[in-house]
1. For the range B:224-238, what does the Karplus curve 6.51 cos²θ - 1.76 cosθ + 1.60, with θ = phi - 60°, yield as ³J(HN,Hα) per residue in whole Hz, taken in order and with x for Gly and Pro?
2. List every residue whose amide H lies under 5 Å from the amide H of B:Y149, counting only residues 5 or more places away in sequence or on a different chain, with H placed 1.01 Å from N in the peptide plane.
3. So what is the 222 nm mean residue ellipticity for chain B from helices alone, if each DSSP H run of at least 4 adds -39500 (n - 2.57) and you divide by all residues, rounding to the nearest 500 deg cm²/dmol?
4. Label-point separation (nm) for B:K197 and A:L270, each offset 7 Å from Cα along Cα-to-Cβ?
5. More than 26 Å apart: what percent of Cα pairs in chain B qualify?
6. Before rounding to the nearest 500, sum -39500 (n - 2.57) across all DSSP H runs of length at least 4 in chain A and divide by the residue total; then give [θ] at 222 nm in deg cm²/dmol.
7. Rolling a 1.4 Å sphere over the protein heavy atoms, what is the accessible area per residue of the range B:204-283, to the nearest Å²?
8. Dividing the convex hull volume of the Cα atoms of chain A by its residue count, what figure in Å³ per residue is obtained?
Amino acid sequence: MTQLNINKVKFLEKQLKKLEPTFAKGGKLEKLHYVYDALATFAFTPATTTSRGAHIRDGVDLKRTMFIVVLALIPALIFGMFNTGHWHFVAESGNWNLPYWDNVLDKFIYGAIKVLPMIVVSYGVGLGVEFIFCNIKGHPIHEGFLVSGMLIPLVMPVEVPLWMVAVATAFAVLIGKEVFGGTGMNIVNIALTARAFLFFAYPTKMSGDTVWMGGQEADGFSGATFLGDAQSLLSDSPAVNGVDGIMAKYSFMDSFMGMIPGSIGETSALACLIGAVLLIATGVGSLRIMLSFVIGGLAFGALFNAIGVNDYMNVPAYMHLVVGGFAFGAVFMATDPVTAAQTAHGKIWYGFFGGGIAILIRVLNPAYPEGVMLSILFMNIMAPLIDHYVIQANINRRLKRLKVA
Amino acid sequence: MNAEFQSGIDVLKKLTSGPVHLGMNGKSKQDEVFTAAQGVTKTSFSGKHPIGNVGVQIHHTNPINKGEYVWVVNAQDVAIIGRFFMTGKFDLTKLVALSGSEVKAPKYLRIISGAHMSTLVEGATKQEADERIISGNALCGTKETPDSYIGFYDNQVTVLPEGNQMKFLLTEGWLSPGLNKFSNSRLYPTFLFPNKKYRLDTNLNGEDRGFVVTGELEKVFPFDIFPMQLIKAAMTEDIDLMENLGIYEVAPEDFALCEFVCTSKIDIQDEIRAGLDLIKKECF
């Protein structure tokens, strides 16, 4: 660092210290203490020292952990913007087979114009609600929303109006998190709470065949997703011609790369995989959960393949992993440590059934094309129960020893 | 020394109806004082810290159940007891280690138990920054001033730099490359250099939060006990749950590494101490 920059940092530090009494108890702006605290601790790790116990502490803190997750989401975000742009041009031209890698910059710019405002709204509203709530309740503002704020836009269809993003975010932060006591205390995943809220409150904006592609669609063009088309296999007038038809429309490779319509950040299994590598390498995301989630999905997929009484059941199991929100859910949603199972064994069962039930809902429930969101929310609720049995086994070992002794 | 240690053990055997165990370091060459000791059950332990903690050693040889007692004495005190019974003189001379990054020359000192801290640290430290003087080690010792005394149970004095400086996010904080950050996690690149040496200060390196990260405590906690669940039971003062989860098998020091690695910067040893104190008050 140059001398000049060091001086700037010192200057900033001095200014912060100067402002501190204004926001401290008895100061002019004491009501805004926690806002000041949030901004000051964002810029500087506080000078707080240990007093008892371990006098030295690990260099890691929650901000770093959350930052790594945001970093892991960047590939999905960048690709999502580009993909959004592509499907906008597809819808406009009415040509499903529009070359994917043409006009890269135009597509990216269109996607950015659509997606960035959603991110701004999500962060703005979410942090705004937290700032107000934390000031009223008198507790510091936690960094959990750094991740939720990025996840929320990525699991939305691109055509969701901004005000809906705002309402859903406010709902998720208040009802999903703050009423339970803030970061670390919530029962269900915040971002999925936001999505579920919109899914049930405004179903026409969250599924169907008009929400996935930005802009005006050409006459007679159907902007459905794989899951929508697959669902139609169960109806009297399927949009595609059986399993072969749907596999021809969405190849495995295209789906893996993410070159298919869907929610903004979820289409590319590859981008999720890149994120997964970062999460696993740094130890932030649980490999156990991700792996058992995928195995669960494959197992239930194979089970339906074996039963195979209708066309949807015959969709190959591996296809389920790369379409819809499966990969995104496995990597970024199911692994949320607060709402997942917390014991090592519990994580395996939690992941397995999370992935399995997602496929179960997709294939068997015609009302919900996307099962991943509901399945993870369901397993969030079940996680404490799973942990309870794992812990009870440990307790029983101890009680048995007591009886023997 | 051999005779004093042996005589100390003989005294301990008279004080208890149960067996006397001697836990030894299985990694380095064992001193003859220990290998020649008679009338004790010897067990060698090897592994990473906290393998030297009596809690870990007891858990892996003969775990404590509710209602059972284990008394522990460290080796120097055994010799002091033996010396008293051999000579009739209560001679509290013992060796303590002067350690820590701020000490000019780390060394052993021969002192009288309870010596004044200034006689140990004055002139021996570097004085480059504000200094933290700890009676005991860096993970579970007690914060002291130069005008205090070394603790009765402590065989070590540690001097560390105080971390009472703010850390800017881009240079030393959470967004920095972190080339000087020591962490048990892999969130800073320093995990690639396991032999790198650090000058750790007493900064909390973060802020107090609720539990978020799972699985990190288990990695540094060699017990068949769920650490996070037990800590939560202690926080919520649930005595039944604490007993069921194995509170009788642990001491606060066994959680020192958990406290060190905790991302949420929770004072875990304090919580466990409070839990044990509550049980002592309510049940005994």
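The values are calculated or read from the model by the stated rules, or taken from the named source; none is laboratory data. Just so you know, these numbers come straight off a predicted model, no measurement behind them. Methodologically, a virtual Cβ is constructed for each residue, glycine included, from the backbone with ideal geometry; neighbour enumeration extends over all protein chains shown. Only protein heavy atoms, including side chains, enter the accessible area calculation; ligands, DNA and RNA are left aside. Shrake-Rupley method; radii C 1.70, N 1.55, O 1.52, S 1.80 Å.
1. Whole-Hz 3J(HN,Hα) from phi for the range B:224-238: 7, 9, 8, x, 5, 5, 5, 5, 5, 5, 5, 5, 8, 6, 8.
2. Amide H to amide H, under 5 Å and 5 or more residues apart or across chains, B:Y149 pairs with B:M117.
3. Numbers: 9 runs with 82 residues, N = 284.
Per the formula, -8000 deg cm²/dmol.
4. That separation, rounded to one decimal, is 4.8 nm.
5. Values: 21845 of 40186 pairs.
Within chain B, distances greater than 26 Å cover 54 percent of Cα pairs.
6. Working: 16 runs with 250 residues, N = 405.
Value at 222 nm, helices only, nearest 500: -20500 deg cm²/dmol.
7. Working: 2760 Å² over 80 residues.
That works out to 35 Å² per residue.
8. Values: hull volume 76.1 nm³, N = 405.
Taking only Cα atoms, chain A has a hull volume of 188 Å³ per residue.
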